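A short reminder: the numbers here are calculations on the coordinates, not readings from a lab. If you're wondering where the values come from, they're calculated on a predicted model, not measured in any experiment. We place every Cβ from the backbone using ideal geometry, glycine too, and count neighbours over all the protein chains shown.
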Amino acid sequence: MGFFEKIKNGLAKTRESVMKQVNGVFKSFTKIDEELFEDLEEILVSSDVGIETSEYIISELRAKVKKEGVSDPADVKKLLQEIMAQMLSGGEELDLSTKPSVILVIGVNGVGKTTTIGKMAANLKSQGKRVILAAADTFRAAAIDQLEIWAQRAGVEIVKQKEGADPAAVIFDAINAGKARGADVVICDTAGRLHNKKNLMDELAKISKVIERELPGAARENLLVLDATTGQNAVNQAKVFKEVAGLTGIVLTKLDGTARGGVVFAIKHELGVPVKYVGVGEGIDDLQPFNASDFVDALFSEK
């Protein structure tokens with residue numbers, strides 16, 4: 001099953017919730033007027049697209065309808081689809097241009113961070129890349145054990161120390177193992193604490209220093225894992241992590257379990273951070289590299 005089919009299946013709940021209403025609006029209006037735009041905006045807001053982002057989409061839609069002289073409500077739907085695809089596009093590709101490259105994975109506990117790393121490792125390995133995992137969430141023995149299970153599943157190597165070890169020391173070891181073994185990518189797990197922003201900032205700063213010292217000029221991604229089922233709360237989490245971590249991308253998990261897939265638009269618009277991967281199922285190959293136009297096509301698909 002390709003990305004489009006997987007994402008279409010994964011977006012079933014969001015599509016059911018959002019597009020049924022959108023289609024209803026376009027069927028019930030015979031002319032384009034202010035009420036049509038207001039109804040559409042209301043649907044977007046209620047679908048976790050967010051107030052600010054929904055207002056932006058509808059103002060762009062008004063301008064485009066006027067500029068192109070559109071008079072048929074059915075054509076407005078096509079314009080809406082174009083605007084939403086354009087919003088999400090840009091920056092979806094991972095930068096893995098150096099050998100090794102580093103992916104630092106951050107996020108609060110419970111969002112599926114360790115699972116995401118395992119699936120990402122499997123995805124990169126399937127592309128012929130040699131991957132090493134760094135078990136730098138040393139605050140919980142369970143996190144180290146879980147990452148080891150995923151490393152075995154994905155068929156990649158792991159570097160770990162005991163619970164309570166210095167996370168930066170684990171990453172130091174993993175980077176040096178990566179250099180010695182000719183790895184393409186080192187993926188680093190980190191502790192998922194948000195309640196103490198100061199500790200999180202200090203820890204990430206220390207890790208960054210190690211990466212910069214050991215791999216100067218290396219391509220690096222700081223990916224934040226967010227749980228799509230939390231809706232607007234995911235946007236709030238992303239704002240905090242963006243302040244402390246300089247995010248390069250988002251991984252949105254559990255899309256298949258929610259009708260709140262609209263949150264992806266709020267994240268990109270409000271934070272300017274691209275989505276790099278989406279999780280659409282439990283399987284090891286259900287984490288998919290993100291494609292903006294396929295995502296929006298799947299969202300608007302009526303079949």
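With respect to the chain, whose longest principal axis is taken over its alpha-carbon atoms, helix 34-46 is tilted by about 30°.
Return the tail of the calculated pair distribution for the range 3-88, meaning the percent of Cα-Cα pairs more than 21 Å apart. Mind showing how you got there, number by number?
Working: 996 of 3655 pairs.
Everything past 21 Å amounts to 27 percent.
Principal-axis analysis of the Cα atoms of the chain puts helix 51-68 at an angle of about 50° to the longest axis. Stretching the chain fully between ASP95 and ASP145 yields a gain of 15.2 nm (0.36 nm per residue, less the alpha carbon separation). Considering only ALA151, ALA205, ALA168, the mean-square fluctuation computed in a Gaussian network model of the chain, springs between alpha carbons under 10 angstrom, is largest for ALA205.
Return the subset of LYS125/LYS162; LYS13/LYS66; LYS125/LYS239; LYS20/LYS276; LYS129/LYS254; LYS254/LYS276 for which the Cα-Cα distance in this structure is over 21 Å, preserving the input order. As for pairs spanning more than 21 Å Cα to Cα, those are LYS125/LYS162; LYS13/LYS66; LYS125/LYS239; LYS20/LYS276; LYS129/LYS254.
Entry note, the chain: relative contact order of 28 percent, from Cα contacts under 8 Å with a spacing of 6+ residues.
For the range 23-62, backbone nitrogen atoms closer than 14 Å to the point 7 Å from GLN232 Cα along Cα-to-C-beta are found at 42-55. Suppose the Debye formula is applied to equal point scatterers at every Cα of the range 118-201; what is log10 I(q)/I(0) at q = 0.14 Å⁻¹? Relative scattering, expressed as log10 I(q)/I(0), comes to -0.45. Rounded to the nearest 10 degrees, the angle from helix 232-245 to the longest Cα principal axis of the chain is 40 degrees. Here the contact order of the range 215-303, divided by its residue count and restricted to Cα pairs under 8 Å and six or more residues apart, works out to 25 percent. Quick one: check the C-alpha center-to-center distance for the range 256-303 versus the range 130-149, whole angstrom. Measuring centre to centre over Cα atoms gives 26 Å.
Taking trypsin sites (Lys or Arg not before Pro) across the range 139-211, the ones in a DSSP loop with at most 12 further Cβ atoms lying within 10 angstrom of their Cβ are LYS162.
Which GluC sites (Glu not before Pro) in the range 41-94 pass both tests, a DSSP loop state and at most 12 other beta-carbon atoms within 10 Å?
Details: sites: GLU41, GLU42, GLU52, GLU55, GLU60, GLU68, GLU82, GLU92, GLU93; in loops: GLU92, GLU93.
Filter output for the range 41-94: GLU93.
How about the range 11-43: which trypsin sites (Lys or Arg not before Pro) there are in a DSSP loop, with at most 12 other Cβ atoms within 10 Å of their Cβ?
Details: sites: LYS13, ARG15, LYS20, LYS27, LYS31; in loops: LYS31.
Filter output for the range 11-43: LYS31.
Stokes-Einstein diffusion for the chain at 10 °C, viscosity 1.306 mPa s, with a Kirkwood radius from C-alpha pairs, works out to 79 µm²/s. What nm distance separates the two modelled labels at GLU34 and ALA63, each placed 7 Å from Cα along Cα→Cβ? According to this spin-label approximation, the distance is 2.0 nm.
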